[in-house]
Structures are given as structure tokens and as C-alpha cells.
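Below is one structure, written out as C-alpha cells, with a few remarks after it.
The values are calculated or read from the model by the stated rules, or taken from the named source; none is laboratory data. Being a predicted model, the structure only gives us computed values, none of them experimental. Here the Cβ positions follow ideal geometry from the backbone for every residue, glycine too, while neighbour counts run over all protein chains shown.
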Amino acid sequence: MKTALCLIGRSVTPNYVHPKELNLDWLNKINFKSASTDLELLQRNTVLERENKQLKKELLEKKLLLLEYKTATKAKLEEARIREEKLIRSNEEFKQEMKEQVKETNMRMQQMMKMFQKQP
């Protein structure tokens, strides 16, 4: 069953539209809009990829610096450990030498005391 609205709409719409009479500007706008959106996405993606590459490069540089720092720190710690061991050995040798000198001094003192005691 046809309503009055359908009848009105049908009477306004022509039965045949010639292609020259078609205005397809709206279609171009949609296509350009879609293409421009895609182009913007591609450009944004390119920018993001460039930023990502730059960040990866910076990260690799930081990792290299960290590795160099760790290597240098490890070497310095090893040097410090070796110096500490040498100082400990040197200190122990010094202590031993001092003990021997004390013994020798005590022994000489005893000898001198004995010599003084033997004198009339």
C-alpha cells in the first residue's frame, strides 16, 4: 500500500537522470577525504617509524655507554682489590718486621743488662 509520502517523493524524483546532469562532487569529497585520511595515517606512521628508529638508536648508544661504564667500573674495582691485597700484605710484613725488631731490641737490652750486671 502506498502512502502519501511515497507518492510525493516519487513525483519529485525524475524517472531518468542523464549522466551529464549528475553532480558527483560529493563523491569526490568522500574519496579525497578517505584518501587524505589514509595519507595522514601514512605520514603519521612514517613520522612514528622515524621517531622509533631514533629512539632505538639512542637506546643502543645508552646501552653501549652502560656497557663501557660497567667494564671500566669492573676494571677499577679489580685494581682497587689488588691494591688492597698488596696493602694488607705490606702491612702484615711491616708488623712482622716490627715484631722482629722488638725482639732484637729486647734481646740487646737483656744483653746490655747482663753486661752491666757483670761489671764490678
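Residue-by-condition table, conditions (1) more than 47 Å from the chain's Cα centre (by Cα); (2) surrounded by fewer than 10 Cβ atoms within 10 Å (Cβ to Cβ); (3) part of a loop (DSSP other than H, G, I, E, B); (4) modelled with pLDDT of 95 or more:
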| site | (1), (2), (3), (4) |
| --- | --- |
| Glu78 | no, no, no, yes |
| Lys99 | yes, no, no, yes |
| Thr105 | yes, no, no, yes |
| Met113 | yes, no, no, no |
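Picking from Thr37, Thr73, which residue would you name as being at pLDDT below 95 and part of a helix (DSSP H, G or I)? Show your work before the answer.
Details: Thr73 fails: at pLDDT below 95.
Answer to the check: Thr37.
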